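S.K.: Got a structure for you, questions after.
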Amino acid sequence: MPRQSKGGVINCDLGMSKPFDIELERLTGRPSYSQVFGGVAAGQRGTFFLETFGCQMNDHDSEKVAGLLLSRGYQQVQTPEAASLILYNTCSIREKAAQKVFSRLGEYREKQSEGKVIGVLGCVAQQEGEDIFKRAPWVSLVCGSASYRKLPEMLAQLEAGNQRVTGLDTDTDETFETEVTRRDNPWRAYLTIIEGCDKACSYCVVPFTRGPERSRASDSILREVRQLAVLGYSEVQLLGQTVNSYADPTPRRMRFSELLQAVADVQGIRRVRFTTSHPSDFTPDIVEAIERQPKICDHVHLPVQSGSTRVLRAMQRTYSREEYVEKIAMMRRANRPIAITTDIIVGFPGETESDFEETLSLLDEVRYDSLFSFKYSPRPNTPSLAMSDSISEEEKSRRLAVLQDRQREIQAAKNAELAGHTFEVLVSGKSRRENQWSGYTTSHRMINFASQERELLGTYVQVRVTGAGPNSLAGEHAV
Ligand code: SAH
Ligand code: SF4
Ligand code: F3S
């Protein structure tokens, strides 16, 4: 589930540290930490710098960690130099992502001697566990995503003189409920509804790094959505590695499609997004919910990974090309257009030229609105590690480039067809250039547009498309 790409076709795992200033002011009306958190003064406990790699689930976990630390009297700062606590929320999905963490940690080797505490959170923490202390002995905290609620206790142990502290359980559902979440977007709120993964795709670390599947109680999800609406959020994005495998643990036993509907029914909510959907659990009632309720966004991210049934079998993806294409046909029959995006891996062990051709032909058949593509990367503990990583790096790069070229052409043609259409846009960006704004359509297309209005951020406006490139649209405010 990669985050929105910069170039449209590729990639995630870009390091990012973001300010979390907006939410607190929105909660309090004044930027004073002590008034919110019962007399704990900002920075009383120290300062923290938090950098996040990986998918939206990690982004959202960081929002929770930041909220938790702020509520315990820590103050967030924007540089590691200014921090007494340096935290990395890490991603392990491909080798490069994991390597980046260790090279970044290397940069902070000296910081420990300055008295700073360095902690590794997230998927690399979970996967490598105590080995991180061996590779980077200057690290004193290693904590996986299921243990974040224990962070204050773990930090207290460090303050009490412990040299090394870990939190590595994977099967708790304590992750869902957080007292304070410091959301970094004032209009769109992430909400994790299902943690972990019970699928066993042969290339994937997620079942190891995030543990078994656990769904959050529907009443607790809806309670949070109502609070979010009161705080002024109008768009909610439900998150999970297999979000549509959601299984309500309460006696209500809400289906995923019913939950979508119930979230959309909350007063003040105008858009409901969800990601990532697994093809095997993508059932007709989800499409029916999209048809019935316009607030449920007309965009489905449905990773296919390969267009070859033979490769899909080797990947243990639990569906064939034909079954996947039937899911696409189901969406194409809907009474309103649904944008479809995907993820693809090239160079999986044993992928032949003809398997790869099948992936290209799938692109032509589905005509995705956008896709994320990756070179296969062998990962620790995964079943495909035992298969020989037979495709050379050079050949993987070639296949990736061919695939991306093909997709660029498809996107350019599809976007050109949108010229003259008018879409509702949630305005989320303001350009330095005067009168230029940007935002997303319900189908998650990025659009840059001109408007003479003085303030549009956070509002919904109608935008007419006047031009298109492969990765974004240009338009003008239609009044
Ligand atoms: N849960 C989601 C995907 C999570 S990971 C799903 O099932 O679709 C996001 C994407 O990273 C995957 O869809 C896949 O395309 C890619 N990916 C995962 N493991 C990989 C690996 N070992 N090598 C290359 N790409 C990988
Ligand atoms: Fe990984 Fe497969 Fe689970 Fe997605 S469904 S997180 S690719 S194991
Ligand atoms: Fe997400 Fe990377 Fe972990 S994609 S679940 S942060 S391995």
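S.K.: Quick check on ARG321: is it over 17 Å from VAL205 (Cα atoms) and in contact with a Ser or Thr (Cβ under 7 Å, 6 or more places away or on another chain)? Break it down into steps so the answer makes sense when it comes.
M.R.: Details: over 17 Å from VAL205 (Cα atoms): yes; in contact with a Ser or Thr (Cβ under 7 Å, 6 or more places away or on another chain): yes.
So ARG321 fits the description; yes.
S.K.: Of the residues that sit in region 81-103 and are surrounded by 21 or more Cβ atoms within 10 Å (Cβ to Cβ), away from ligand 3 (no atom under 16 Å from the Cβ) and of a type outside the set (Gly, Ala, Ser), which one is nearest to ASP59 (Cα to Cα)?
M.R.: Among them, the one singled out is ILE86.
S.K.: Could you tell me how many of the residues in region 43-67 are within 13 Å of SER145 (Cβ to Cβ) and either among the small types (Gly, Ala, Ser) or more than 16 Å from ligand 3 (Cβ to nearest atom) (or both)?
M.R.: Number of matching residues: 2.
S.K.: Can you confirm whether region 194-207 contains a residue that is in contact with a strand residue (DSSP E or B) (Cβ under 9 Å, 6 or more places away or on another chain), of a type in the set (Gly, Ala, Ser), part of a helix (DSSP H, G or I) and within 16 Å of ligand 3 (Cβ to nearest atom)? It would help to see each step written out before you state the result.
M.R.: Let us first name the residues in region 194-207 that are in contact with a strand residue (DSSP E or B) (Cβ under 9 Å, 6 or more places away or on another chain), namely 194-196, 201, 203.
Filter once more, keeping what is of a type in the set (Gly, Ala, Ser): 196.
Next, from what is left, pick out any that are part of a helix (DSSP H, G or I): none.
No, every residue in region 194-207 fails to be in contact with a strand residue (DSSP E or B) (Cβ under 9 Å, 6 or more places away or on another chain), of a type in the set (Gly, Ala, Ser), part of a helix (DSSP H, G or I) and within 16 Å of ligand 3 (Cβ to nearest atom).
S.K.: Hey, among the residues in region 233-252 that are buried (at least 19 other Cβ atoms within 10 Å of the Cβ) and of a type in the set (A, V, I, L, M, F, W, C), which one's nearest to the chain's Cα centre (by Cα)?
M.R.: Among residues in region 233-252 that are buried (at least 19 other Cβ atoms within 10 Å of the Cβ) and of a type in the set (A, V, I, L, M, F, W, C), the one nearest to the chain's Cα centre (by Cα) is LEU239.
S.K.: Next up: What pairs come out if I take residues in region 183-210 that are touching a residue at least 60 places away in the same chain (Cβ under 8 Å) and pair them with residues that are within 7 Å of ligand 2 (Cβ to nearest atom) and part of a loop (DSSP other than H, G, I, E, B) whose C-beta lies under 8 Å away, six or more apart or interchain?
M.R.: Hits for this filter: LYS199/THR242; LYS199/HIS278; CYS204/CYS197; VAL206/CYS197; VAL206/GLN241; ARG210/CYS197; ARG210/GLN241.
S.K.: Specify the residue that is farthest from the chain's Cα centre (by Cα); the eligible residues are those in region 83-95 that are within 21 Å of PHE48 (Cα to Cα) and either of a type in the set (Val, Ile, Thr) or part of a strand (DSSP E or B) (or both).
M.R.: Step one: list which residues in region 83-95 are within 21 Å of PHE48 (Cα to Cα), which gives 83-91.
The next check asks that each one be either of a type in the set (Val, Ile, Thr) or part of a strand (DSSP E or B) (or both); those that pass are 85-90.
Numbers: LEU85: 25, ILE86: 22, LEU87: 19, TYR88: 16, ASN89: 13, THR90: 13 Å.
The qualifying residue farthest from the chain's Cα centre (by Cα) is LEU85.
S.K.: What tally of residues in region 225-243 results from selecting those that are away from ligand 1 (no atom under 16 Å from the Cβ) and in contact with a Lys or Arg (Cβ under 9 Å, 6 or more places away or on another chain)?
M.R.: Residues in region 225-243 being away from ligand 1 (no atom under 16 Å from the Cβ) and in contact with a Lys or Arg (Cβ under 9 Å, 6 or more places away or on another chain): 7 in total.
Here is a yes/no grid of residues against (1) part of a helix (DSSP H, G or I); (2) in contact with a Phe, Trp or Tyr (Cβ under 7 Å, 6 or more places away or on another chain); (3) within 24 Å of THR181 (Cβ to Cβ); (4) of a type in the set (Lys, Arg):
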{"residue": "SER62", "(1), (2), (3), (4)": "yes, no, yes, no"}
{"residue": "GLU81", "(1), (2), (3), (4)": "no, no, no, no"}
{"residue": "ALA97", "(1), (2), (3), (4)": "yes, yes, no, no"}
{"residue": "GLY106", "(1), (2), (3), (4)": "yes, no, no, no"}
{"residue": "GLN112", "(1), (2), (3), (4)": "yes, yes, no, no"}
{"residue": "VAL120", "(1), (2), (3), (4)": "no, yes, yes, no"}
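S.K.: Restricting to region 404-455, name every residue that is farther than 24 Å from GLU365 by Cα, of a type in the set (D, E, K, R) and touching a residue at least 12 places away in the same chain (Cβ under 8 Å).
M.R.: Scanning region 404-455 gives GLU424, LYS430, GLU453.
FYI, it's all coordinate maths here, none of it is from the lab. Remember, it's a predicted structure, so these values are computed and weren't measured experimentally. Cβ: placed from backbone, ideal geometry, glycine included. Neighbour counts: every protein chain shown.
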